[in-house]
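Peer 1: Encoded as structure tokens, here's the structure I'll be asking about.
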2 protein chains.
Amino acid sequence: MNGPFLAGDAGALTALMLEMGRKARAAARVLALASPAQKTAALNAAAAALRKAAPAILAANATDLAQARAGGMAAAFIDRLTLSEARIDAIADSVAMIAGLADPVGAVTAEWTQPNGLRIQRVRTPLGVVGVIFESRPNVTADAGALCLKAGNAVILRTGSDALASSMAIHAAMVEGLTEAGLPDAAVQLVPTKDRAAVGAMLGGLDGAIDVIVPRGGKSLVARVQTEARVPVFAHLDGNNHVYVHAQADLGMAEKVLVNAKMRRTGICGAAETLLVDRGIAETALPVLIPALLNAGCAVRGDAMVQAVDGRVTPAGEDDWGTEYLDAIIAAKVVDGLDAAIAHIERWGSHHTDAIITADATAAERFLAEVDSAIVIHNASTQFADGGEFGFGAEIGIATGRMHARGPVGVEQLTSFKYLLHGQGTVRA
Amino acid sequence: MNGPFLAGDAGALTALMLEMGRKARAAARVLALASPAQKTAALNAAAAALRKAAPAILAANATDLAQARAGGMAAAFIDRLTLSEARIDAIADSVAMIAGLADPVGAVTAEWTQPNGLRIQRVRTPLGVVGVIFESRPNVTADAGALCLKAGNAVILRTGSDALASSMAIHAAMVEGLTEAGLPDAAVQLVPTKDRAAVGAMLGGLDGAIDVIVPRGGKSLVARVQTEARVPVFAHLDGNNHVYVHAQADLGMAEKVLVNAKMRRTGICGAAETLLVDRGIAETALPVLIPALLNAGCAVRGDAMVQAVDGRVTPAGEDDWGTEYLDAIIAAKVVDGLDAAIAHIERWGSHHTDAIITADATAAERFLAEVDSAIVIHNASTQFADGGEFGFGAEIGIATGRMHARGPVGVEQLTSFKYLLHGQGTVRA
């Protein structure tokens with residue numbers, strides 16, 4: 001399936017993409033003025049439409065699955081692509097949950113009065129048009145679309161081509177919700193073609209129509225987007241996260257937090273990837289922490305001191321310090337105190353999420369101040385790096401850049417702001 | 001003067017610029033951890049050094065002025081380039097004032113506790129490295145350098161080549177302040193060459209070393225930066241600002257605010273450029289407002305109704321609605337109510353600053369909500385579009401983009417943020 005034009009017709013693709021951009025921009029203008037009730041109604045209607053459309057979505061998904069199987073895709077890939085009644089229900093639940101979040105648009109985030117009587121307010125506004133580029137996970141169609149809509153943004157979605165039929169069926173239900181609530185179709189658009197040139201067009205910004213790009217997927221997708229995008233990107237490339245067990249750590253707490261940070265789920269971006277143990281506690285800590293990891297099913301790659309603790313530890317090479325395993329593997333080493341730990345994280349980390357375990361408040365304060373990561377944690381698991389765990393309700397991803405959004409990107413982070421000035425005929429001297 | 005290498009040697013320039021980028025990145029790391037007192041001390045020392053260096057700065061300025069005069073530069077250009085004891089004092093005053101601003105870094109901007117006991121804080125951090133590209137106004141060297149430093153950012157300054165000697169002399173005083181306070185020289189760097197290729201190198205981001213570019217200057221500079229920059233830009237291209245006199249306006253207030261908005265200073269980006277008068281009040285308002293503008297020395301270009309009011313009004317052409325005059329000229333027209341006023345502003349405006357004059361609270365509310373500009377004003381002058389007037393102390397410019405900074409960009413807008421999580425051995429379920 002290649003959508004409404006011939007595959008490989010570059011002129012037609014360009015025209016299609018630019019037209020999507022223009023429609024998104026026009027829809028964004030309508031959405032920016034839509035009432036909270038209207039957006040909530042659209043999302044609730046979309047959730048209902050998704051449940052109702054389950055048979056059609058499953059049929060479309062069967063097409064995608066057949067092609068993916070014929071193409072010899074791996075089992076994990078097939079699993080991510082596969083929908084079921086239960087998964088469609090979960091997708092609809094998620095859209096309904098987003099419908100229920102507080103509407104960020106119009107919220108007053110600061111307010112003060114100048115000596116001349118001028119009252120100044122800073123209020124949230126939508127960002128405009130968001131481009132979301134994702135891999136073959138059909139649920140992202142609904143999740144990302146709903147989050148952008150809640151923040152008053154129009155969105156252009158580009159799915160991995162293996163999920164196009166599934167995504168189109170899900171998208172149709174989203175559009176049904178929009179229509180029912182009187183919002184424009186083009187508030188949530190899906191690129192209706194497998195032509196890979198569509199991604200390049202989006203990264204170019206569609207002639208100024210896209211304000212920000214959010215990639216959702218593996219490292220190669222994110223790397224391409226970060227390298228090629230001509231518009232801002234909310235993303236993280238790596239979550240190479242550290243747990244530093246300080247000399248003043250409570251060992252029981254360190255063990256519990258470390259095992260959770262590494263093993264609760266190994267495939268999420270908040271999972272710990274490197275353990276740093278302070279030399280001041282290494283002799284007592286390593287014999288507790290390393291077997292705890294190993295016994296939980298985690299492979300440990302360590303420096304000489306770590307290897308000496310347990311025969312199951314394999315040697316860590318230079319590469320290990322920079323690797324995001326996303327698997328039951330951890331790199332572990334002994335460091336010479338707080339400064340060395342911070343320096344290691346600065347050298348090898350990815351500015352995502354890093355934690356210190358310590359009972360020493362001063363050491364914790366320095367770690368929190370000096371580690372330059374989006375999320376810095378004292379005495380808790382790195383797996384809290386998640387918009388839901390922050391109380392944001394949902395997230396479109398986690399950003400490690402320093403511009404606009406950093407950390408979990410929820411509906412508030414998908415907004416901009418403007419200033420409102422209230423005078424009484426006030427003029428400037 | 002072409003600095004420490006041969007002009008036109010592209011390889012040497014590239015090497016110089018990349019080295020500046022690396023030094024800036026390293027300095028940014030030190031600055032991010034500098035105490036508020038240390039930054040304040042550096043800026044106060046820089047202010048003192050500027051005053052002490054006045055003779056050297058004036059001598060350097062004389063060189064620039066002689067070259068500019070020999071090059072036949074216009075009088076206004078020469079005026080902006082010219083320094084005097086008094087102007088150097090004003091530059092030093094401005095640096096001292098920035099020294100006294102509240103330090104934004106480390107400020108907690110949000111704080112809450114999750115049901116699991118996890119306490120979450122959002123705290124301000126520096127942005128990193130700022131590139132400032134400006135025209136031949138020597139004072140920007142000190143102002144922009146000081147603002148970036150206060151926010152904990154390293155800065156790379158690129159002056160208009162006609163002001164290079166003056167800027168280098170001012171920069172030397174800034175560096176003296178840094179050294180005195182024990183901060184790295186490279187916290188504030190000035191591109192030491194007139195080679196225009198340096199601008200292109202900065203727009204490319206210096207291999208990831210520059211986080212954001214701020215252009216300070218005329219439209220052609222800003223346009224080039226916005227088009228070519230591969231990094232985020234804080235800027236506005238135009239300040240095509242509107243004053244809309246609504247049908248329910250108090251005419252005395254409208255006259256006072258309008259004349260201030262247009263004529264207080266015509267050359268600033270917050271000056272009004274277009275007057276929209278509601279048809280519902282046009283017959284009584286135009287005979288008051290138009291002569292008031294004309295008598296204040298403002299040329300008026302109007303539609304047929306406006307022309308009919310006073311023989312001095314000339315016809316407005318289509319181009320006038322989109323023009324930022326930055327001069328004693330205004331375009332004026334009658335519009336059919338609030339929706340038409342908002343539509344005109346959406347069609348022709350530049351999303352900078354727009355005002356409504358009305359006694360009708362509902363109309364004001366709609367205008368404030370629906371006009372998509374960085375600053376939207378009710379019953380006050382557009383000339384309040386200024387960081388100082390917002391209480392920000394100082395600004396590096398005004399941004400009309402929707403990403404990160406919007407409106408006046410002061411020290412707070414030159415920061416990013418991170419999240420600090422405080423647990424008690426808290427793990428994720």
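Peer 1: So if I check each of B:389, B:395, which one is among the charged types (D, E, K, R), more than 7 Å from chain A (Cβ to nearest Cβ) and assigned to a loop (DSSP other than H, G, I, E, B)?
Peer 2: Among B:389, B:395, only B:395 is among the charged types (D, E, K, R), more than 7 Å from chain A (Cβ to nearest Cβ) and assigned to a loop (DSSP other than H, G, I, E, B).
Peer 1: With respect to residue B:179, is the statement that it is in the same structural domain as residue B:71 (by TED's automatic domain parsing), without any contact (Cβ under 8 Å) to a residue 60 or more places away in the chain and more than 17 Å from residue B:94 (Cβ to Cβ) true?
Peer 2: Working: in the same structural domain as residue B:71 (by TED's automatic domain parsing): yes; without any contact (Cβ under 8 Å) to a residue 60 or more places away in the chain: yes; more than 17 Å from residue B:94 (Cβ to Cβ): yes.
Taking the combined requirement at face value, the residue satisfies it.
Peer 1: Show me the strands (runs of 3 or more DSSP E) entirely contained within the stretch A:241-317 in which 2 or more residues are under 11 Å from residue A:357 (Cβ atoms) and of a type in the set (Val, Ile, Thr). Can you show your working first?
Peer 2: Values: elements: A:241-245, A:272-278, A:299-302.
Once the strands (runs of 3 or more DSSP E) in the stretch A:241-317 are filtered for at least 2 residues that are under 11 Å from residue A:357 (Cβ atoms) and of a type in the set (Val, Ile, Thr), what remains is A:241-245.
Peer 1: For the subset of the stretch A:115-166 comprising residues that are assigned to a loop (DSSP other than H, G, I, E, B) and within 16 Å of the chain's Cα centre (by Cα), which member is nearest to the other protein chains (Cβ to nearest Cβ)?
Peer 2: A:151
Peer 1: Residues of the stretch B:299-328 being surrounded by 18 or more Cβ atoms within 10 Å (Cβ to Cβ) and of a type in the set (Val, Ile, Thr), which ones?
Peer 2: Correct list: B:300, B:306, B:309, B:313, B:323.
Peer 1: Here's another thing I want to ask about it. Looking at B:219, B:194, can you tell me which residue is closer than 30 Å to residue B:306 by Cα and not assigned by TED's automatic domain parsing to the domain that holds residue B:309?
Peer 2: Values: B:194 fails: closer than 30 Å to residue B:306 by Cα.
So the residue among B:219, B:194 that is closer than 30 Å to residue B:306 by Cα and not assigned by TED's automatic domain parsing to the domain that holds residue B:309 is B:219.
Peer 1: Consider only pairs whose beta carbons are under 8 Å apart and that are at least six residues apart or on different chains; among these, list those whose first residue lies in the stretch B:117-132 and is hydroxyl-bearing (Ser, Thr, Tyr) and whose second residue is at pLDDT 95 or above and in a strand (DSSP E or B).
Peer 2: B:125/B:415; B:125/B:416; B:125/B:417; B:125/B:418
Peer 1: In this structure, is residue A:185 in the same structural domain as residue A:21 (by TED's automatic domain parsing), over 21 Å from the mean Cα position of the chain (by Cα) and closer than 30 Å to residue A:37 by Cα?
Peer 2: Judged against the criteria, residue A:185 is a match.
Peer 1: What is the one condition in (1) part of a strand (DSSP E or B); (2) more than 7 Å from chain B (Cβ to nearest Cβ) that residue A:416 does not satisfy?
Peer 2: Unmet for residue A:416, out of (1) part of a strand (DSSP E or B); (2) more than 7 Å from chain B (Cβ to nearest Cβ): (2).
Peer 1: Now, a different point. State yes or no: is residue B:103 more than 12 Å from chain A (Cβ to nearest Cβ), part of a loop (DSSP other than H, G, I, E, B), of a type outside the set (Gly, Ala, Ser) and within 21 Å of the chain's Cα centre (by Cα)?
Peer 2: So residue B:103 passes the test.
Peer 1: Follow-up question, since we're still on this one. Quick check on residue B:256: is it modelled with pLDDT of 95 or more, within 12 Å of residue B:328 (Cβ to Cβ) and within 14 Å of chain A (Cβ to nearest Cβ)?
Peer 2: So residue B:256 fails the test.
Peer 1: Same structure, new question: So which residues in the stretch A:329-340 are small (Gly, Ala, Ser) and surrounded by 17 or more Cβ atoms within 10 Å (Cβ to Cβ), if there are any at all?
Peer 2: Matches in the stretch A:329-340: A:331, A:332.
Peer 1: Determine, yes or no, whether residue B:381 is within 30 Å of residue A:398 (Cβ to Cβ), in contact (Cβ under 8 Å) with a residue 24 or more places away in the chain and either surrounded by 18 or more Cβ atoms within 10 Å (Cβ to Cβ) or among the hydrophobic types (A, V, I, L, M, F, W, C) (or both).
Peer 2: no
Peer 1: Moving on. Could you list all residues from the stretch B:216-236 that are crowded, with 19+ Cβ neighbours inside 10 Å, in a loop (DSSP other than H, G, I, E, B) and away from every other protein chain (no Cβ under 11 Å)?
Peer 2: B:235, B:236
Peer 1: Go through B:111, B:176 for me and flag whichever is of a type in the set (D, E, K, R), in contact with a Lys or Arg (Cβ under 9 Å, 6 or more places away or on another chain) and crowded, with 18+ Cβ neighbours inside 10 Å. It would help to see each step written out before you state the result.
Peer 2: Values: B:111 fails: crowded, with 18+ Cβ neighbours inside 10 Å.
Going through B:111, B:176 in turn, the sole match is B:176.
Peer 1: Scan the stretch B:398-413 for residues that are at the interface with chain A (Cβ under 7 Å from one of its Cβ atoms) and among the charged types (D, E, K, R) and report the count.
Peer 2: 2
Peer 1: While we're on this one: May I ask you to list the residues in the stretch B:335-379 that are within 11 Å of chain A (Cβ to nearest Cβ) and in a strand (DSSP E or B)?
Peer 2: B:353, B:354, B:355, B:356, B:357, B:375, B:376, B:377, B:378, B:379
Peer 1: Further question: If I ask for residues that are within 14 Å of chain A (Cβ to nearest Cβ) and part of a loop (DSSP other than H, G, I, E, B), which ones from the stretch B:183-215 would you list?
Peer 2: Selection gives B:204, B:205, B:207, B:208, B:209, B:210, B:211.
Peer 1: Can you tell which of A:90, A:76 is at pLDDT 95 or above, more than 14 Å from chain B (Cβ to nearest Cβ), farther than 30 Å from residue B:405 by Cβ and not in a loop (DSSP other than H, G, I, E, B)?
Peer 2: A:90
Peer 1: Before we move on, is residue B:167 crowded, with 24+ Cβ neighbours inside 10 Å and not charged (D, E, K, R)? Break it down into steps so the answer makes sense when it comes.
Peer 2: Working: crowded, with 24+ Cβ neighbours inside 10 Å: yes; not charged (D, E, K, R): yes.
So residue B:167 fits the description; yes.
Peer 1: Would you mind telling me which numbered condition in (1) buried (at least 19 other Cβ atoms within 10 Å of the Cβ); (2) more than 25 Å from residue B:422 (Cα to Cα) residue A:270 fails?
Peer 2: Of the numbered conditions (1) buried (at least 19 other Cβ atoms within 10 Å of the Cβ); (2) more than 25 Å from residue B:422 (Cα to Cα), the odd one out for residue A:270 is (2).
The values are calculated or read from the model by the stated rules, or taken from the named source; none is laboratory data. Everything numeric here is computed off the predicted structure, so don't read it as measured data. Ideal geometry is used to build each Cβ from the backbone, glycine not excepted, and the neighbour counts take in all protein chains shown.
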